[in-house]
Amino acid sequence: MNEIKQNQKPIKNLEDLAKFADYSLMKTLNADPQSKADGADHNPRQVFSGHYVPVNPTPIKNPEYIAHSKSLFAELGFDDSLAQSADFIKMFSGDISQVPKPMSKVGWACGYALSIYGNEYYQQCPFQTGNGYGDGRAVSVLEAVINDKRWEMQLKGGGRTPYCRGADGRAVLRSSVREFLAQEHMHSLGVPTSRSLSLYTSKSETVDRPWFSQGSYSKDPDMMISENIAITTRVAPSFIRVGQVELFARRARKNEHPKAMQELEQIVLHLIEREYSNEIDVIDKNLSLEDKVVLLAIKFRKRLTKLIANWIRVGYCQGNFNSDNCAAGGFTLDYGPFGFIEAFDPYYQPWSSSGDHFSFLNQPLAAEQNFHVFYSALRVLIGSSKKHIEELDKIRDDFSKVMQEEMNIMWASKLGLDNFDEELFNELVILMVKSSVDYTIFFRELSSIPTEIKALKKSFYGSNYDESIEQSWIKWLEKWNSLISNNTNELSSQMKLINPKYTLREWFLVPAYKQANEGDYALIKELQEIMTNPYAEQSIEVENKYYSLKPLEFFELGGVSHVSCSS
C-alpha cells in the first residue's frame, strides 16, 4: 500500500478545507457564453460552446447522514467528525450558498458526447444535435489541492442542470448506496476508480422511478415505485471523460463555431495537466502540441488496458461502457448498471437493456472502441503532420496487441503462473462454463493450491456435473500443479493478493438499500467494513454470510440478477 501523507493539521471544518480550494477548470477553461454567472441555470437547453456551465446544485430537503469513507477522509486529512458537522452536511447535500471564501458559491456541470461501441449518437439528446448531452444530475462543487494532489468533488444527484434532458436531476437512495459502496470496494481491490466521500439522504423528499416488482423475473422494470433521494459525493483528480474530448473534436471537425478548434486544444491540455502531470506519468510541458497528443494516446492506452484487465481480474462488469462512461484518466467511472460476476459466463451482462457487446469478456473490445473514439478526437489536433499521424495510427492499431498482453499477464497472475499458458487457460474456461463455477470462489479456492478436485467443488453451481467432467477437472488440476512453483505457501499468499475473497454481489446490496430506505443503515456500515477488506480472511461469521454461492432463487430475479440503468 502507498503511504498516506497527512496534512500537519487535520481538517476539522469548512474553513480549514477552504484553504485548499483551487478551481483550475473554471480558472483556465471557458464558461458557456450563454450561462448565468450566479448558477441559476436549471432548465434543459442547448449548450453550443464553452467547456462548462456554472450551475448551483439543488439541496435535498432535511439531509440525513448515512456514511462516509474513513479511508478517503484519512487520505485527505479530514477529521472523521467533519462528516456529521452541520456545515459539511449542508455543502455536500447540495447547499453551497454559504461556503467560506475562497470556496465558490457556484458549482459547474460539463457537456460531453456519446458514442456507443464506437458509433456516434445524437438521438439521446432532446435537440437531436448533441448540444444537450452532459452532466444532467452531477454538479461539481469543489476543486482542492491537498497533499500536492488535486481532487474534484462532485455531487451525484445534485439536481437539474442544462443537460438534464427534462429529468429531475436526482439520484435515488438505492443507486447511491450501490455507488458509495462500490467505489470504495473497487479502490480496496486495487482497481483505479473514482472514490466515495460521503452519502446523505432526504427522509422527506422522494421521486418516482421504474423498478422491478417483488419476485419479478422481467428483464425490464415493470412498475413505478416511490424512492427516497440521496446525494453521494464522488471524488477524482478530474471527471473528464472520453466523451468530453469527443464533443469538442466533433465541433472542431464540423467547424461549428469560431473557437471550436481552440476549445478542443484547451480541453486536451487541461486533461494532460489534470491527469498526466504527476512525477510518475508526466507529459513534458515544453513539448509541441503534436508530441503531447501522441504521448497522451500512449499513456491513456496503457492505463485503459491495465484497467480492463483489472476489471476482469476481480470479476467486475461495467454494463454500459460508452464513451461518456469512460474516464480519460483511465479509471473506473460511473457505477450505474455494474455487477460482479457470480456463475461464470463469458457473456455475463448485469444491465437488462444492453447486449453482448458490453458483456464480461467483451470488455476489452468495448475498451478498444472507446480508445478509437479518443484517438479520433486527438487526430483532429494533429493536422497534416505525417510523422505524428503515423505515430498516432500505430498507437491505435496496436491497441488489441497491448490489451492482450495485459490480459495474459493478468490471467497468469490469477493462476499463479510465471507465464501465460494458452492451452491450460482455454481448457479451464470450458470447464468453468460446463460446471458453472462461481468466479470469485473458484479462484480464491484455487489460491490455496489444492491437489484434489474436492476443494474446488465448493464453487460449482452446475447441476449437470458428471463423471466425464470430473475426470477433465482432475486432468486439468494435475496439469496446473505441474506448472506452478514448488513453494506453495509463498505462491498461495501471492495468489490471495490477486484473487479476492469477497466481492460486492447484488444480493448483498439489495437488503442494505432496502433497510436504508427504512432508516436502518447498519447493513451499509457492515458491508463497508467487509468490502474494504476484500482480500482478508475475516471472521467465521463473515465468511458464512458473504463467502457463499448465490442462492438459486435469485437467479434471473429482476433487481438482483440484472438491473436497469441505475437512477
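Readers should treat all values here as calculations from the given coordinates under stated rules, not as data from a laboratory. Remember, it's a predicted structure, so these values are computed and weren't measured experimentally. Please note: Cβ atoms are built from the backbone with ideal geometry, for glycine as well, and neighbour counts cover all protein chains shown.
Suppose every Lys and Arg Cβ carries +1 and every Asp and Glu Cβ carries -1, with no other charges. What dipole size does the chain come out with about its Cα centre, to the nearest 20 debye?
The calculated dipole for the chain is roughly 1320 debye.
According to the square roots a ≥ b ≥ c of the eigenvalues of the Cα gyration tensor, what is the shape class of the stretch 431-567, taking rounded for a/c under 1.5, prolate for a/b larger than b/c otherwise, and oblate for the remainder?
It comes out oblate by the Cα gyration axes.
First select every other residue whose beta carbon is under 14 angstrom from the beta carbon of Glu470; then total the charges, Lys and Arg +1, Asp and Glu -1.
Neighbour charge sum, excluding Glu470 itself: 0.
Taking the Cα atoms of the stretch 180-248, what is the range of coordinates along each of the three principal axes, in descending order and whole Å?
38, 30, 28
How long are the three semi-axes of the equivalent ellipsoid of the stretch 417-496, in whole Å, if each is the root of 5 times an eigenvalue of the C-alpha gyration tensor, listed from largest down?
Ellipsoid half-lengths, sorted descending, are 21, 14, 11 Å.
Could you tell me what a quarter of the Cα convex hull surface of the chain works out to, in nm² with one decimal place?
Across all orientations, the chain yields a mean hull projection of 25.9 nm².
Have a look at Gly136, Tyr65, Phe344 and report the one farthest towards the positive end of the charge dipole of the chain, computed about the Cα centre with Cβ charges (Lys/Arg +1, Asp/Glu -1).
Farthest towards the positive pole: Gly136.
Could you give the length gained on full extension between Val433 and Gln262, defined as 0.36 nm per residue of separation minus the Cα-Cα distance, in nm?
Stretched out fully, the Val433 to Gln262 stretch lengthens by 56.4 nm.
Give, as a single signed number, the net charge of other residues whose beta carbon lies under 12 Å from the beta carbon of Thr503, with Lys and Arg counted +1 and Asp and Glu -1.
It works out to a net charge of +2.
Using a Förster distance of 35 Å, how high is the FRET efficiency between Lys105 and Lys386, based on the Cβ-Cβ distance and rounded to 0.05? Intermediate values should be presented prior to the final figure.
Working: r = 50 Å, r/R0 = 1.42.
Efficiency computed from Cβ-Cβ geometry: 0.10.
Pairs of lysines 8 or more apart, or on different chains, with alpha carbons under 18 Å: count those in the stretch 66-222, would you?
6
Please report, in whole Å, how far the alpha carbons of the stretch 14-241 spread along each principal axis, starting with the longest.
Extents along the principal axes, in whole Å: 48, 46, 36.
Under a cut-off of 18 Å between alpha-carbon atoms, report the lysines in cross-link reach of Lys496, not counting same-chain residues fewer than 8 places apart.
Lys414, Lys458
Kindly work out what percent of the DSSP beta bridges joining two residues of the stretch 1-140 are antiparallel, to the nearest 5.
For the stretch 1-140, the DSSP antiparallel bridge percentage is about 80.
Give the residue from Ser400, Tyr461, Ser376 lying farthest towards the positive end of the charge dipole for the stretch 310-466; charges sit on Cβ (+1 for Lys and Arg, -1 for Asp and Glu) and the dipole is referred to the Cα centre.
Result: Ser376, furthest along the dipole toward the positive end.
To the nearest 20 Debye, how big is the dipole of the stretch 14-241 about its Cα centre, given +1 on the beta carbon of each Lys and Arg and -1 on that of each Asp and Glu?
It comes to approximately 280 debye.
Could you compute the longest span of the chain free of GluC sites (Glu not before Pro) located in DSSP loops and having at most 13 other Cβ atoms within 10 Å, not counting the site residues? Can you show the working numbers first?
Details: sites that count: Glu3, Glu279, Glu452, Glu518, Glu537, Glu556.
Longest stretch, sites excluded: 4-278.
I need Thr161, Thr233 ordered by Cβ neighbour count within 10 Å, fewest first.
Thr233, Thr161
What are the radius of gyration and Dmax of the stretch 81-147, computed over its Cα atoms and given in Å?
17.0, 47
Output the relative contact order of the chain, whole-number percent, from Cα pairs under 8 angstrom with separation of 6+ residues. Walk me through the numbers before you get to the answer.
On the way: 1124 pairs, mean separation 80.9, N = 567.
Here the relative contact order equals 14 percent.
Which order results if Tyr316, Tyr122 are arranged by neighbouring Cβ count within 10 Å, fewest first?
Tyr122, Tyr316
Regarding the stretch 298-442, what are the three Cα extents along the principal axes, ordered largest first, in Å?
Sorted largest first, the three principal extents are 55, 37, 20 Å.
Given the C-alpha centroids of the stretch 71-137 and the stretch 448-525, what is the distance between them in whole angstrom?
37
So in the chain, what percent of DSSP beta bridges are antiparallel if you round to the nearest 5?
Percent antiparallel among DSSP bridges in the chain is about 90.
So, with +1 on the Cβ of K and R and -1 on the Cβ of D and E, and no other charges, what is the size of the charge dipole of the stretch 39-117 about its Cα centre, to the nearest 20 debye?
280
Assign one of three labels to the stretch 502-552, namely rounded, prolate or oblate, based on the Cα gyration tensor with a ≥ b ≥ c the square roots of its eigenvalues; rounded applies when a/c is under 1.5, prolate when it is not and a/b is larger than b/c, and oblate otherwise.
Here the stretch 502-552 falls in the oblate category.
Would you kindly work out the equivalent ellipsoid of the stretch 339-385 from its C-alpha gyration tensor and give its semi-axes, the square roots of five times the eigenvalues, largest first in whole Å? Let's see the in-between values first.
Numbers: eigenvalues 210, 17, 9 Å².
Equivalent ellipsoid of the stretch 339-385: 32, 9, 7 Å, largest first.
In straight Cα distance, which lysines are under 19 Å from Lys387, not counting same-chain residues fewer than 8 positions off?
Reachable lysines: Lys292, Lys299.
Return the loop-located chymotrypsin sites (Phe, Trp or Tyr not before Pro) in the stretch 14-51 (DSSP other than H, G, I, E, B) with at most 11 other Cβ atoms within 10 Å of their own Cβ; answer none if there are none.
Hits after loop and neighbour filter: nothing returned.
Taking the stretch 150-221, how much of its Cα-Cα pair set, in percent, is spaced more than 21 angstrom apart?
So the portion of pairs separated by more than 21 Å is 44 percent.
Just want the ordering: Trp211, Trp507, from fewest to most Cβ atoms lying within 10 Å of their own Cβ.
Taking fewest neighbouring Cβ atoms as first place, the list is Trp507, Trp211.
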